[in-house]
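One structure is given here, and the rest of the page talks about it.
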Amino acid sequence: MALEEKRSLVEKLFEIQAIKFGDFTLKSGIKSPVYIDLRVIVSYPEVMKQISDMLWQVALESKSDFSVICGVPYTALPIASCISVSHNIPMVMRRKEAKSYGTKRLIEGVFSLGSKCLVIEDVVTSGSSVMETVEALASADLHVTDAIVLLDRFQGGKEMLQSKGVKLHSLVTLPEVLDVLHLKVKIDQNMTEKVREFLSANKFTPSSAKSTPPTSKGSKLSFEARAGIASNRFSKRLFKIMHEKKSNLAVSVDFTNCEDVLNLVDKVGPHVCIVKTHVDILEDFTPEFPKSLKKLAEKHNFVIFEDRKFADIGNTVKNQYCKGVYHIVEWADLINAHVVPGDGVINGLKEIGAPLDRACLLIGEMSTAGSLATGEYTKAAVEMAKTHQKFVIGFISLSCLVDDPQFIHMTPGVQLNAGQDSLGQQYLTPSDVIINRGSDIIIVGRGIYQAQDPVKAAVDFKQAAFNAYMTRIGN
């Protein structure tokens with residue numbers, strides 16, 4: 001590609017104030033002497049066409065293998081559209097949030113499953129926005145090996161993407177922009193050096209990506225991003241809680257006395273996203289207990305998960321869910337079920353719970369030694385979850401069972417040190433569960449409620465699990 005053509009484009013971007021110099025506060029809170037705002041290019045058709053033609057040339061020169069393209073929302077969408085129309089290449093569009101009606105698709109457009117897609121971006125800093133789109137495309141069975149970008153800020157995004165299997169090809173880099181604008185006397189030497197120093201001091205180093213083992217599983221999207229694409233209202237709510245509290249810890253409070261449960265929940269509530277109960281082990285249960293528990297849930301912003309493990313025919317589980325002594329549906333936000341009875345167990349629970357915005361997890365795997373919840377059983381659980389996605393939000397499992405960021409995976413049997421108890425309960429570490437196995441939430445019981453200092457233990461587990469999640473998403 002001709003050097004003069006690149007220089008001409010850089011000058012135009014400066015003239016239309018798509019590239020600005022001064023003192024700016026970025027989204028991350030970092031103070032920056034340079035700000036890139038390519039949203040303005042939609043108002044300059046000639047610039048838009050020049051960019052799209054030059055980026056198409058970058059794609060061809062990269063020898064990338066693709067049959068469809070996708071622009072990262074939102075600024076890159078018009079660029080991708082121009083490329084699609086000008087060069088007759090099919091395009092798909094990623095929604096930031098799946099529709100709650102109609103097809104409920106996250107990826108719009110016509111494509112063949114297993115096809116390769118080229119991702120188009122306007123600016124890359126850390127590479128996280130590109131990876132969010134790559135993850136969304138993967139959930140629709142579209143594979144990405146290459147991405148093209150108008151401007152690479154040269155802060156480590158290329159290396160981060162490379163570590164995750166995506167090659168980034170840029171039209172220009174920010175250091176190249178500085179060279180051009182300094183040569184054309186658009187910025188002085190002091191500003192040039194100031195920006196270079198800023199870039200050098202604010203790099204997203206490859207080491208943070210390398211800390212994620214090659215065997216890393218699970219969604220690379222942030223909880224905030226997954227809240228944006230979740231079509232299930234309960235999933236959206238839970239992802240938001242996890243993001244806001246910086247916690248992917250569920251505490252299982254298995255005391256047999258109501259007062260003990262409530263006292264512990266009040267102490268550890270600020271550090272958890274979920275409180276899990278076994279209401280039928282309480283020896284002094286009264287209707288006042290769930291009322292008190294709900295008040296604590298409102299106070300500390302967590303959801304209540306009754307670990308009932310429903311496993312009967314539809315009519316029976318309906319009654320178990322809403323009648324009897326416990327009236328579970330009135331106070332438990334979340335329940336779970338075995339899939340041995342087939343779809344009937346889900347339909348029965350859904351009939352009662354769905355109108356109240358309750359949700360269900362399916363038992364996909366169990367943490368006990370010799371568990372039979374494997375193989376065909378697990379496959380059946382995944383298929384049932386896909387069929388009943390309005391009510392089923394995910395799985396109790398030892399690993400990520402399905403490559404769809406809308407589903408949540410929760411893993412029990414977690415301790416800070418691996419091992420096994422005398423009854424066959426196998427313990428995994430937060431890092432193993434979140435990074436290597438791809439689960440989203442750790443469920444901890446005795447490691448917290450039997451600890452000498454339950455609050456400190458909760459904080460330790462919370463930090464270990466959230467740090468593992470941050471590593472997994474490359475942050």
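A few notes on this one:
- FRET efficiency for ASN202 and THR387, using Cβ-Cβ distance with R0 set to 45 Å, rounded to 0.05: 0.45
- Placing unit charges on the Cβ atoms of the charged side chains and taking the dipole of the chain about its Cα centre, the candidate lying farthest along the positive direction among ILE30, HIS327, SER247 is ILE30.
- Where PHE289, PHE111 fall by accessible area, highest first, once all protein chains stay in place (1.4 Å): PHE111, PHE289
- At the residue level, THR316 shows approximately 40 square angstrom of accessible surface with a 1.4 angstrom probe and all protein chains present.
- Think of region 242-314 as having a plus end and a minus end, set by charges on the Cβ of Lys, Arg, Asp and Glu; of ILE313, LEU282, ASN263, ASN263 sits farthest toward the positive end of this dipole.
- Principal-axis analysis of the Cα atoms of the chain puts helix 343-353 at an angle of about 90° to the longest axis.
- C-alpha long axis of helix 3-15 to longest principal axis of the chain, angle in °: 70
- Accessible surface of GLU288 - all protein chains present, 1.4 Å probe, nearest 10 Å²: 100
- Per-residue SASA entry for ARG358, accessible area with 1.4 Å probe, Å² rounded to 10: 40
- Summed residue charge, Cβ within 9 Å of VAL272's Cβ, Lys/Arg positive, Asp/Glu negative: +2
- Radius 10 Å from Cβ of VAL392, net charge of other residues (Lys, Arg +1; Asp, Glu -1): +3
- Computed over neighbours whose Cβ is under 10 Å from that of SER129, the net charge equals -3, Lys and Arg +1, Asp and Glu -1.
- Most to least accessible of ILE69, ILE30 (protein chains only, probe 1.4 Å): ILE30, ILE69
- Among GLU193, GLU365, GLU383, the order of accessible area from largest down is GLU383, GLU193, GLU365, computed with a 1.4 Å probe on protein heavy atoms.
- Amide H contacts of GLU365: ILE396, SER397, LEU398, each under 5 Å away and 5 or more positions distant or on a separate chain (H built 1.01 Å from N in the peptide plane; Pro and chain starts excluded).
- With Cα atoms, 0 to 90° folded angle of helix 258-268 axis to the chain main axis: 20
- Reachable lysines, given that their alpha-carbon falls under 16 Å from the alpha-carbon of LYS184 and they are not under 8 places away in the same chain: LYS6, LYS12, LYS20
- Pairs spanning more than 26 Å between alpha-carbon atoms, out of LYS203/LYS456; LYS116/LYS240; LYS236/LYS276; LYS240/LYS379: LYS203/LYS456; LYS116/LYS240; LYS240/LYS379.
- CD proxy at 222 nm, helix term only [per DSSP H run n ≥ 4: -39500 (n - 2.57); per residue of the chain; nearest 500]: -12000 deg cm²/dmol
- With R₀ set to 22 Å, the beta-carbon distance separating ALA2 from ASN88 gives a calculated FRET efficiency near 0.35.
The values are calculated or read from the model by the stated rules, or taken from the named source; none is laboratory data. Please read these numbers as outputs of a predicted model, since none were measured by experiment. We place every Cβ from the backbone using ideal geometry, glycine too, and count neighbours over all the protein chains shown. Accessible surface areas use protein heavy atoms only, side chains included; no ligands, DNA or RNA. Shrake-Rupley method; radii C 1.70, N 1.55, O 1.52, S 1.80 Å.
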